[in-house]
Amino acid sequence: MFKNNLEKLRSKMKENNIELVVITDDDNLYYFTGYHDFLHMDFNRPTILLVPKDDQSILITPLLDVLLVPEDTPVDKIETWNDGIGEEWREFLPNIIKKNSNIFLEKYKINATVNNYLSELINNKTLGNITPIIDKIRMIKSKEELKIARHAGEVGMAMMEGAKSVIGHNVPEFEIAIAQAQAGTRKAAELLKSYYPNSINMSPNIHFLPVITSGEDLPKTHHRASTKLVKKGDPIFCCYCGSTNFHRFKLGFDRVFWVNEIKNDDQIKAFEVAVKSQKAALDMLRPGVTAEDVHSAYADTIQSEGYPYPTFRCGRGTGFSFLEEPQLVVGNKTILQPGMVFAVDGGASAKNFRSQVGDSFIITEEGYEQITHHSKKIEDLII
């Protein structure tokens, strides 16, 4: 998978006469090398991938993390550096920068420390932005990525069942978060053992802070699980848009549940509109339509039911990053193609209540394949 990804990048470099690409973004580094979970910029230790058009690719990484580089990485050469010794990572850059004139970086994603140093070296050389090219490469997933995506869906569904198993009166939100993380981690471990025996450095742990909101806090869209006690009649929003993360593949998966009963009929109406708006988007989701067409179907449905224009896009591309292209949003004219993976949402809001349903989908030749599943029937959401 990683070798093919790197070959795609080199092909695009030749098409666009790009002499050198400099990559520092964690997700892009993983996509092209298979290298992950190094400390990187959290501790001001850059890892840098240099891809020349006609020369050896070079991975520059701290010596203390080099054993995490997979043996089958497609990178031609690995250079290491140690804290405080010489110029550290900087010593490997001047020579390769001098050899190349048309250099492309990840604009808006490149680490500031690396960017500042490169700016000192580059001077009058042509500097371009590789991000749009990488985004297009990553939009269409390989067979290996789609396999991981489907397994990520299984992890998300296990998390949802784990959350449901503990939801109840006087249960604190953080206990729901713990239960879903445990269930997701166990499912991820099972899948890693069964299908990815060589991924020995890949952790199954679900560690991203989950979005769990209850009661009148539901309009706080990305509220993290707190010590608040869930009460009878409370709605609970479980959003896994960041925490459904298997083998580094991220999905979207959201549901609203209620504890024992629903006290307000306005919440039922808003939830039904959320489901209806997602269905409108899915009726449009297929190859050949534009990303904004999907968003428009969703937004028009919400407004036709008397609710205001939605405060968030219908969905987004997903993959090894939380947010990938194309986004299902007004103005995005990208044409959908088989192999893309999306999180697709529906939503509507009432007083002190925000309803959202979300699932993830693979675009196929004929339409889509759904890879997260949970009932949207009201009776199945009352726990």
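Computed quantities for the displayed model
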quantity: Hey, Ala188 touching a Cys at 6+ places or on another chain (Cβ under 7 Å), part of a helix (DSSP H, G or I), of a type in the set (A, V, I, L, M) and at pLDDT 95 or above or not; calculated: no
quantity: Subset of segment 197-237 [surrounded by 14 or more Cβ atoms within 10 Å (Cβ to Cβ) and assigned to a helix (DSSP H, G or I)]; calculated: Gly215, Asp217
quantity: Pairs with Cβ under 6 Å, 6+ apart, first in segment 20-44 and over 18 Å from Phe322 (Cβ atoms) and in the same structural domain as Glu88 (by TED's automatic domain parsing), second among the β-branched types (Val, Ile, Thr) and part of a strand (DSSP E or B); calculated: Leu20/Ile103; Val21/Val51
quantity: Answer residue from segment 274-307, given it is in contact (Cβ under 8 Å) with a residue 12 or more places away in the chain and in a loop (DSSP other than H, G, I, E, B) and is surrounded by the most Cβ atoms within 10 Å (Cβ to Cβ) among those; calculated: Leu285
quantity: So Ser194, is it in the same structural domain as Gly339 (by TED's automatic domain parsing), in a loop (DSSP other than H, G, I, E, B), of a type outside the set (Val, Ile, Thr) and more than 22 Å from Phe361 (Cα to Cα); calculated: no
quantity: Test result for Leu6, touching a Pro at 6+ places or on another chain (Cβ under 6 Å) and among the aliphatic types (A, V, I, L, M); calculated: yes
quantity: Those strands (runs of 3 or more DSSP E) lying entirely in segment 64-161 with at least 3 residues crowded, with 16+ Cβ neighbours inside 10 Å; calculated: 102-105
quantity: Given (1) modelled with pLDDT of 95 or more; (2) surrounded by fewer than 19 Cβ atoms within 10 Å (Cβ to Cβ); (3) not polar (S, T, N, Q), index of the condition Phe43 fails; calculated: (1)
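The values are calculated or read from the model by the stated rules, or taken from the named source; none is laboratory data. Predicted model, so just to flag it, every value in this text is computed and none were measured. Positions of Cβ are backbone-derived with ideal geometry, glycine not excepted, and every protein chain shown enters the neighbour counts.
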